[in-house]
Amino acid sequence: MRPLITAEQYDSWSEEVCADIEVSDGLLVRRPSRSHMHNRLARFLANALETAAGPEWYADGNFDVRLQDVPLTNRCPDVVLYRASTIDVMPARPEHILLLVEVVSPGPETTDRITKPAQYAKAGIQYYWRVEQFSNADPKVFTYELDPKTATYRASEAFTGLVKATAPFKVTADLTGL
């Protein structure tokens, strides 16, 4: 049995070492390479969310979110909408985050559809979006909201070609132009 990675060990590693990995329940998980379309869609969503959310929120991708310390669970979502005042707090913590977005790519579908949402809900992240790009179709955005009583996500609405959200922020973005 492999020894579990601790938060102290992970924090001592360089950014280069951590760039292609995540940690789930103390075990290293290799992040697959992302396609140009995947990166473009994530960047588009981050820009649209940040514009819509206003100055109190920033939207970025490609940085660590520390969901729990023991056993260590450190994920790197495609887009993170987080409090602007916490920009220097790294790794980001669940209490600083409003929304996490995963753009599903071939390979980690089960992780993006099942494993990560369960981990995000357990950590208390209020909103989760899963974006799927089907061939020759507009991206489909599946939106979920945390049910605080069950600590699980409940599906809200799914949108094709349009990203929308409700309070505390509003965003409308046409994704068909990608």
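Scalar couplings 3J(HN,Hα) for segment 18-31, obtained by applying the Karplus form with A = 6.51, B = -1.76, C = 1.60 to θ = phi - 60°, are 7, 4, 10, 10, 10, 10, 10, 6, x, 9, 5, 10, 7, 7 Hz; x denotes Gly and Pro.
Where a ≥ b ≥ c are the square roots of the eigenvalues of the C-alpha gyration tensor, would you call segment 57-110 rounded, which needs a/c under 1.5, or, failing that, prolate if a/b is larger than b/c, or oblate? Oblate shape, in that a/c is at least 1.5 and b/c is the bigger or equal ratio. Can you classify segment 1-105 as rounded, prolate or oblate using the Cα gyration tensor, where a ≥ b ≥ c are the square roots of its eigenvalues, rounded means a/c under 1.5, and otherwise it's prolate if a/b beats b/c and oblate if not? Oblate, because a/c is 1.5 or more while a/b does not exceed b/c.
Before I look further, what does the chain give for accessible area per residue, probe 1.4 Å, in whole square angstrom? Each step should come with its number before you reach the end.
Numbers: 9640 Å² over 178 residues.
In whole numbers, the chain has 54 Å² accessible per residue.
Have a look at the DSSP beta bridges in the chain and tell me what percent are antiparallel, nearest 5.
Numbers: 32 of 39 bridges.
Taking every DSSP beta bridge within the chain, about 80 percent pair in antiparallel fashion.
Our note on the geometry: Cα centres of segment 117-132 and segment 1-20, 23 Å apart. Computed over segment 1-41, the range of Cα coordinates on each principal axis works out to 36, 22, 12 Å, biggest value leading. For mean projected area of the Cα convex hull in nm², the candidate list reads (i) 9.9; (ii) 10.5; (iii) 11.5; the entry that matches the value derived from this model is (ii). Taking all protein chains as shown and a probe of 1.4 angstrom, T111 keeps an accessible surface of around 40 Å². Relative to the longest principal axis of the Cα atoms of the chain, helix 36-53 runs at roughly 70 degrees. Residues of segment 2-24 with amide nitrogen under 20 Å from the 7 Å Cα-to-Cβ point of M90? Only 6-24 pass the distance filter. Evaluated with a Cβ-only charge set (Lys, Arg +1; Asp, Glu -1), the chain carries a dipole of roughly 440 debye about its Cα centre, given to the nearest 20.
Roll a 1.4 angstrom probe over the protein heavy atoms and tell me the percent of accessible area of segment 1-134 that is carbon or sulfur. Don't jump to the answer; show the numbers that get you there.
Numbers: 3670 of 6890 Å².
Here carbon and sulfur together make up 53 percent of the probe-accessible area.
Farthest toward the positive end of the dipole of the chain, out of H38, A155, P117, is the Cα of A155, where the dipole comes from beta carbon charges about the Cα centre.
The values are calculated or read from the model by the stated rules, or taken from the named source; none is laboratory data. Remember, it's a predicted structure, so these values are computed and weren't measured experimentally. We place every Cβ from the backbone using ideal geometry, glycine too, and count neighbours over all the protein chains shown. Areas reflect the complete protein model, heavy atoms only, side chains present, ligands, DNA and RNA absent. Shrake-Rupley method; radii C 1.70, N 1.55, O 1.52, S 1.80 Å.
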